Each structure stands twice: as C-alpha cells, then as structure tokens.
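Peer 1: After the structure tokens below, expect a handful of questions from me.
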Amino acid sequence: MQYTKCWLDWKEIPKEQKRKCYYRPVLLACGPVAATAGEEYCISMGEMLGREISLLEMADGCEPAVFLEVDGAMQTGARNEALAEQTFAIREEGDSIRITGRSEEALLQGVFAFTRMVSLAQLDEKLPFQCIPSMPLRMMDHWDDMDGSIERGYSGRSFFYDNYEILYNERTEMYVRLMASIGVNAIVINNVNVHERETYLITDAYLAQVKKYADLFARYGIRLFMCVNFAAPMQLGNIPVSDPLDPDVIAWWQDAVKHVYEVIPEFGGFLVKADSEGRPGPITYGRTQADGANMLARALAPYGGILIWRCFVYNCRQDWRDYKTDRARAAYDHFIELDGEFDDNVILQIKNGPMDFQVREPVSPLFGGLKRTNMMIELQIAQEYTGQQIDLCYLIPMWKEILSFDTYACGEGTPVEQVVSGRSYAQVNCGMAAVINTGDDENWTGNDLAGANLYGFGRLAMDPSLTAEEIASEWCRLNLSQSDEVAKVVVPMLMGSWATYENYSSPLGIGWMVSPPTHYGPDVDGFEYDRWGTYHRSDLHGIGVDRTDAGTGYVNQYNEPWRSIYGKMDTCPEELLLFFHHVPYTYVLKTGKTLIQHIYDTHFEGVEEVEEMQRQWASLEGKIPDRAFRCVSERFERQLANAIEWRDRINTYFYRKCGIGDEKGRKIY
Ligand code: GCW
C-alpha cells in the first residue's frame, strides 16, 4: 500500500541556502543509534540538497563539515541525568557545524532538529541551539488489535497487525522514522483492551516478531512497551486467580517477564488498563490499584522495566437515576489515597480530564492531588470525540491550555506541565502519552490536516513552550507548502478549528450528546438514560450537572482557588459552566446573552465557520499537493453535513425543552 512521508518529505532548498558544510557530514560517533543519525542526515540532506550525500570518515583539513558527535561529558544544565542524556546542541564553528548529543539518542534528535531547521530556513535565527527535552517520556499508545482493526481508529487498518499476524515492512520503518523525528521515545504497540489473542503477545507465540519491532525501534532510540491482560495468569497459566498477592500469580508474572527480557533485553515495560470497562483487575480480589501495579512493577524492576497503570477506573454500570455517583470523581476517588504507595518504577497514566477526551473538560484534579506518585498525562490524538478525523479539530491549543493549567499543588505556579515533566517532585519516570491517530491510510491520519495533531504532540512533548501557531506553521510548511500564502490560510484555519468544533457540538463543557455506538454525530439523549455515567440532566428549566457541594461534590477534588472558582456559577469559567452547574436557560452569561441564546448562537456560528473554512480551503487548489487538497476538500464536505446535523439537533432539542425562541428568529425545527 502507498504511503506518504508526511513531514519527512523533504524538498530541495534554494541554492543560496545551501552551505558548503552540508555536503560533508562527518560521523564521529559509533553505535547503532549514531549510525541511524548518520543515515538520517544523508537521507534528509540529500533530498534537500538535490544530490546524494554520504558520510565522510574524517574531516580533511580545513574544509567545512557538519560533525555528528556524541559527547558524554557535555555540560547540559539539565535538572537530572535522565534528561541530560537526552540533550543535544547544534552550533557553528567557523564554517562548520557541530551537532552534539550527550548520547547517541540525543544525537539522533539533534540531526532531526537540524534537518527541520534547514528545511524551514531557521538556522540563522536559531543557532546556537540547545535542547533539553521537557518530558522524559514521550509515548505513543496504539489501540491496534491483532485482527488488524484499531479501536477508535479513523485512518484505515492497523499497520502493525493483520489477521493475528505481526506485519513488518517498509511502512513499519517509515512509521518509526516519523515517530523518532518528532521526539517520540516510547511506543506501546497494542490496545489497552487486551483481548484473548493479544494476551499471547508476551509469550513465544509472538515474542520473536515483537523483537523485530523492538530492534527497529531501538535503532531509533525508541523503547517498545506492550499492554498486558491482568488476568493473564488465569488465561495462560492455568492459575485459578489473578490476585496480585497470590504467590503463584506473582511467580507466574516473574517468569513471564523474565522470558520477555531474555528475548528482548531492551524491552520498555507494560501499560495496564485494569478494573475498567470490563477489564480484569485487583478489585476482584479486594486488593488496591497499588497492589496490582506494584506486583507487576516488581516483576519488571530487575530489568529496568517500567509499569504504567491507567487511572481510567470508574463504574460503567451506573444508574442514571442516581444523582450522587459521579463518574468525574472516579479517578481521584480511586487513586488519591494511594499516593505514596506506588513503587518507583510505576507511573500512573491519567487522562487529561476526569471524563473521557471530550471537546471540553476541566483538567483532572489528580494532577494537583498526587504528590508522591509518578504521573504521566494521557491525551488523545485520535479524534474520537472531536470529529474522528473527518471534521477538522487542531488539538494543540487544547493541550497547551491543559499543560498550562495551574494545579496549585505546590502553591500558585504549579502547572500540569511542571507536574508531568517531573519538575515539581523531582521525578524521572513521567511525561506525556497519547492515543495515536494513525492507520494504514495513504496519508496515515485519514484527514491530512489531522497529521498536525500527530506532529504537534511530539513537538509539544519535547518543548511545551512552542506556541500552537508555531507548531501549525512548521507542520504546514513541512507537509503542504513552504509558501507564506498557504500558511496564511492553513494556520488560522487550524487555530480556529477547535473552537468551531466546540461551537456546533455539545455546549459549555457538558460533553457527550454523541451517538453512542460511534461517538460521531449528535444524539442528545444517546447516553442520557444509559449506564455510562455521562449525563446532561436537561429539563424544561435548565441544563448541566451540579458538581458543587450541593451536588456530587466533585469540585472539592481541586485545590483552592479552583474549588471556590468552579463552585460558584458566577465565577466558574463559562466554557465549563455546564460541567459544574445545573443552569437555567435564562441565566445571563458575561456576554449579556442568556444561556439558551448562547446555545443557539454558537450553533449557528459553528456551521458558518465550517462554511468559511471550506471556502478558504478551496482557495488552495493548485498551491498544495493535489492528493492532500482533494482529501481535505472531501472531509470538509462531510464536516459541513455533520455540523448542520449538530446545529439542528441541538437547537431543536433545547427549543422543544424550554420553549424559548431564538431572538434572531432563525430556523429551528
Ligand atoms: O474513550 C473510551 C473509548 C474506548 C477506550 C476507553 C479507554 C480503549 O471509547 O474505546 O478503550 O476509552 O480509554 O480505555
């Protein structure tokens, strides 16, 4: 199958930008990842210079060269050794350039940064340049299943598996190059929902093939992780229980892990979804999440492995009549009391919000609550609830907002970014993970523009100080066209797309209202009388969930001042108003509009904004690659139909509930 090279599709640079040294790369380091760095230099620079480039053994005399080197004694200023190891620097020395990594992996990152700067003509402005990555772990979570499907995948089928076989081909290599080039250093190759056959991934049924992946990943400085089934000892070991304190269970896992490391010495560790949405876990045996996580972590520890445990633990068999149980509370309620009980090689992976990747949610209060536990934020690049890569929704602005949210965990000025990068509590096992949005579609991400989210996640995890515009502009120039004219259209379009999606979908933080089986398209009451704990509680007077003291008490999971700010309708940020409060339709917002008028207006505006994006996109015909142009044009058509459906269903639903008409007299059904 065909595939594009995304941001690694280098174009020849203008003659005046071609420096003499570019033609003469000298690799001064050895080792497998250093060799990859050399290869990547030659591929990228060869394409940008328009001729084949090869590595030189030695610099001859005074000819300018680009030196690729590893300096284990390099002074970095990094706050810990783990990050120091990942630091690289690029500097000029006369007419030569030195790309220096503190390790081979860092050198490879340096080469990717360098080639990107050359392509974007940024070298003059950026050198000398040093990069200490912000997040120690920058991880992609695949929800690929071995039958070849992808849970919540919107870009075709898996390129890892087909029909319970592990695939390995040129595409696999392209994929790993793409990931390494944006700074990813850990990849989980299978879905957190570990089904029957996937349980065997850690056994000889598949390990030899997994090792091929691990070896490939390792050449690019990436560690391979797998999801495991907490009940594997029962399924594979004929043990009657999977109780984490049972000696047979403990011994079974020790053996299993030992064998994994015999085959794959560089194996990264496990990611576990337990006690969640039907997955087995320690609760069955009256054990805590810490008992479960530590048992696995101890099996991994002798080999330097890491155990990542998800906090997405909640009761998915709720009764909609019950106004006290609140799914939003679940993660915090399950984990806060275990703070300090997890082993050093355990990381809790926490979804950004308390519910589930909605277009708007508050930040999970766990980031401000846990203080003696390694944490990692889990984002979703796959647009499950944000348009499924049909609708455009550039997520970097959302993630920037989340990372900069002040948790007040150590007083004012403790943003999420600081917590998950390990700065707040001097941790090294932490970082950012994301559910990836790739599949075997030609362009990898279904909608070409969804590639900006994939690219942006990596860039942001390396350097959260990059702005969403900078990332959008880089992506646009590397993927679509170097021309300013194109960037002037695409960058604002990306930047506004989250707000647009939010405008025509569910209002003011309430979330859901999507079609239950697909999670795409509107169904206002789709989840309302269901067991999933996702309610909007609309009646003839108002809408929203009371999560104050008088309601579910969820607000109390936040540190002050958030507890107070969220707790009152007039101080609660309005974009989250309905998440925290049950609000009358006639409530007047800061804009002077009533709540119901706000709902009508945003829904009409959302559709108009999509129409405008469509017009803007049409203006790019002939200015960007035709394939991308046509792909996105077709997506915009479907987005418009979707936006119209959302607008009319939402407006009609609330009009029928409250009987209050639109002030502007527009058509509501
Ligand atoms: O958002 C929900 C998805 C499930 C997913 C689950 C999770 C992998 O609808 O498909 O399962 O979250 O994060 O575990």
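The values are calculated or read from the model by the stated rules, or taken from the named source; none is laboratory data. Since the model is a prediction, treat every value here as computed from it, not as a measurement. Please note: Cβ atoms are built from the backbone with ideal geometry, for glycine as well, and neighbour counts cover all protein chains shown.
Peer 1: Taking segment 307-324, which residues are more than 16 Å from the ligand (Cβ to nearest atom), in a loop (DSSP other than H, G, I, E, B) and either within 19 Å of the chain's Cα centre (by Cα) or under 30 Å from residue 344 (Cβ atoms) (or both)?
Peer 2: none
Peer 1: Taking the criterion of being under 30 Å from residue 548 (Cβ atoms), part of a helix (DSSP H, G or I), away from the ligand (no atom under 16 Å from the Cβ) and modelled with pLDDT of 95 or more, would at least one residue in segment 296-306 satisfy it?
Peer 2: No: zero hits.
Peer 1: Would you confirm, using the coordinates I've provided, whether residue 236 is crowded, with 16+ Cβ neighbours inside 10 Å, outside any helix (DSSP H, G or I) and at pLDDT 95 or above?
Peer 2: No; evaluated as a whole, the condition is false for this residue.
Peer 1: OK, next. List every residue pair whose Cβ atoms lie under 7 Å apart, where the two residues are 6 or more positions apart in sequence or sit on different chains, the first residue falls within segment 553-574 and is without any contact (Cβ under 8 Å) to a residue 40 or more places away in the chain, and the second residue, located anywhere, is of a type in the set (Phe, Trp, Tyr).
Peer 2: 555/566; 555/580; 572/566; 572/580
Peer 1: Of everything in segment 178-212, what is away from the ligand (no atom under 16 Å from the Cβ), in contact with a helix residue (DSSP H, G or I) (Cβ under 6 Å, 6 or more places away or on another chain), assigned to a helix (DSSP H, G or I) and of a type outside the set (A, V, I, L, M, F, W, C)? Give them in sequence order.
Peer 2: Hits for segment 178-212 are 181, 211.
Peer 1: Which ones in segment 64-76 are more than 18 Å from residue 40 (Cβ to Cβ) and either of a type in the set (A, V, I, L, M, F, W, C) or without any contact (Cβ under 8 Å) to a residue 40 or more places away in the chain (or both)?
Peer 2: If the condition is that a residue be more than 18 Å from residue 40 (Cβ to Cβ) and either of a type in the set (A, V, I, L, M, F, W, C) or without any contact (Cβ under 8 Å) to a residue 40 or more places away in the chain (or both), then 71, 72, 73, 74, 75 are the ones that fit.
Peer 1: Kindly indicate the residue of segment 518-531 that is more than 18 Å from residue 508 (Cβ to Cβ) and out of contact with any Pro (no Cβ under 8 Å at 6 or more places or on another chain) and also nearest to the ligand (Cβ to nearest atom) among those meeting that condition.
Peer 2: Among those residues, the one meeting the criterion is 519.
Peer 1: Also, quick follow-up: Would you call residue 661 surrounded by fewer than 14 Cβ atoms within 10 Å (Cβ to Cβ) and within 22 Å of residue 541 (Cβ to Cβ)?
Peer 2: In short, yes.
Peer 1: Within the bounds of segment 252-263, is there any residue that is within 16 Å of the ligand (Cβ to nearest atom) and not aliphatic (A, V, I, L, M)?
Peer 2: no
Peer 1: Just the residues that are touching a residue at least 60 places away in the same chain (Cβ under 8 Å) and within 16 Å of the ligand (Cβ to nearest atom), please, taken from segment 147-168.
Peer 2: Result: 150, 152, 153, 154, 155, 158.
Peer 1: A further question follows. What are the residue pairs meeting all of these: first residue in segment 334-346, first residue closer than 22 Å to residue 268 by Cα, second residue among the basic types (Lys, Arg), Cβ atoms under 8 Å, and 6 or more apart or on different chains?
Peer 2: From segment 334-346, the pairs are 343/298.
Peer 1: Also, I was wondering about something else. Looking at this structure, is residue 552 among the hydroxyl-bearing types (Ser, Thr, Tyr), outside any helix (DSSP H, G or I) and under 33 Å from the mean Cα position of the chain (by Cα)?
Peer 2: Spelling it out, residue 552 is indeed among the hydroxyl-bearing types (Ser, Thr, Tyr), outside any helix (DSSP H, G or I) and under 33 Å from the mean Cα position of the chain (by Cα).
Peer 1: Consider segment 1-46. How many of its residues are under 25 Å from residue 472 (Cα atoms) and small (Gly, Ala, Ser)?
Peer 2: Summing the residues that are under 25 Å from residue 472 (Cα atoms) and small (Gly, Ala, Ser) in segment 1-46 gives 1.
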